[in-house]
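Trainee: The structure follows.
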Amino acid sequence: MALKTIRRKLHSGDADGRRSEDLDPPKPSSNCEARLEDYIDFGYYKGCSDRNKDCLDNKRKEVNIHWTCVLSNLSTQWSHRLANTGSVLGRLLPASSVTTFDLSPLQEERLRSLKRRLHVQFDASCLDHQNALKHLWQLAYPNSETPPLKSDSWKEMGWQSCDPSTDFRSGGYISLENLIFLGKHYPNAFQILLHKREGERATWEYPFAVAGLNISFMLIKMLDLESELPSSKARVRFLQLLEFDAEAFDHLYCLAFRMLDAQWLARRASYMEFNEVLKSTRIQLERELALEDITRVKDLPAYNMLASIS
């Protein structure tokens, strides 16, 4: 499709650029990518009655286990990929797929800064990282006392256990920074997403915090940030965004989270479809990044959804 795609707002009835349609059952992944559906026994859940409290409790436990497995799998994959990332990328991008251009000194410096962030692992013994988790809690629940770093209260935010540091596994500290950035710069959107205040929600919703980690990983992959020779159009546009906004990645993260929730509601999805919704969010974001006259994240059509509640 040409870059002169018609710009339009993200409508709930056509959230991923297509009209609502039935989805075929997801096929098992053949490339070792983690998929939430691969860890779930559909027959078991369909056989459970929502009115049966014991069954619901069992479902909650199963879902927590499956989300933990997915996050661990994703974190391991990305840690290996990011660890193998070379030094600063070359200036020229492959001409076979995208337009070749030189990075300005400002773009290079901002890209280097972002890549340094990607290599910082979450360290539960680091006081700064502990304080960052506490800060996230204060943004989420400003009128409540911050719990100890190991407390069942953290599950309310969508962490899988009483110790949120275990959800990072070998994942990056940048995913926690992204959540904090969302809470600081878009507080209304943060509260809406955290408390699922919009739309008719599924019985079993996606966990807020874990979903945030997955969105960070998705953006890293979509923007080719782990590659030495990027070739995607989304990556080219992102480098252009860095020229005007040092925090382009963080703003794009906030927009992606808001888009994911809109996709979720449009599809009337449940936790078993999270990976499909995440994939659909990526496709829509790539389409918008391919539009002309985009110099800032705020120029993307879907940004209207984020700005209208911020």
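The values are calculated or read from the model by the stated rules, or taken from the named source; none is laboratory data. Not measured: the values here are computed from a predicted model. Cβ: placed from backbone, ideal geometry, glycine included. Neighbour counts: every protein chain shown. When the accessible area is computed, the model is the full protein with side chains, heavy atoms only, and any ligands, DNA or RNA have been set aside. Shrake-Rupley method; radii C 1.70, N 1.55, O 1.52, S 1.80 Å.
Trainee: Taking all protein chains in place and a 1.4 Å probe, what share, in percent, of the accessible surface of segment 200-261 do carbon and sulfur account for? Intermediate values should be presented prior to the final figure.
Mentor: Working: 780 of 1640 Å².
Result for segment 200-261: 48 percent of the exposed heavy-atom area is carbon or sulfur.
Trainee: Please give the length that would be gained between Arg201 and Arg117 if that part of the chain were fully extended, namely 0.36 nm times their separation in residues minus their C-alpha to C-alpha distance (nm, one decimal). Before the final figure, lay out each step's value.
Mentor: Numbers: separation 84, 0.36 × 84 = 30.24 nm, distance 3.43 nm.
Stretched fully, the Arg201-Arg117 segment lengthens by 26.8 nm.
Trainee: Is there a pair in Lys134/Lys184; Lys134/Lys155; Lys196/Lys298; Lys115/Lys221 whose C-alpha atoms are over 21 Å apart, and which pairs would that be?
Mentor: Numbers: Lys134/Lys184 14 Å; Lys134/Lys155 14 Å; Lys196/Lys298 24 Å; Lys115/Lys221 13 Å.
The answer is Lys196/Lys298.
Trainee: Which value, in Å² and to the nearest 10, is the accessible area of Thr203 when all protein chains are kept and the probe is 1.4 Å?
Mentor: 100 Å²
Trainee: Here's another thing I want to ask about it. Might you report the magnitude of the Cβ-based charge dipole of segment 122-163 about its Cα centre, with Lys and Arg at +1 and Asp and Glu at -1, to the nearest 20 debye?
Mentor: On the way: 3 positive and 6 negative charges, 10 e Å.
Magnitude of the dipole: close to 40 debye.
Trainee: To one decimal place, what Kirkwood hydrodynamic radius in Å is obtained for segment 123-181 from all pairs of distinct Cα atoms? Numbers along the way, then the final one.
Mentor: Details: mean 1/r = 0.0864 Å⁻¹.
Kirkwood radius, segment 123-181: 11.6 Å.
Trainee: Starting at the first residue of segment 141-150, write each ³J(HN,Hα) from the Karplus equation 6.51 cos²θ - 1.76 cosθ + 1.60 with θ = phi - 60°, in whole Hz, x for Gly and Pro.
Mentor: Each residue's phi maps through the Karplus curve to give 10, x, 9, 10, 6, 5, x, x, 5, 10 Hz.
Trainee: What FRET efficiency would be calculated for the residue pair Ile283, Glu145, taking the C-beta separation as r and a Förster radius of 51 Å, to the nearest 0.05? Walk me through the numbers on the way to the answer.
Mentor: Details: r = 42 Å, r/R0 = 0.82.
Result of the calculation: an efficiency of 0.75.
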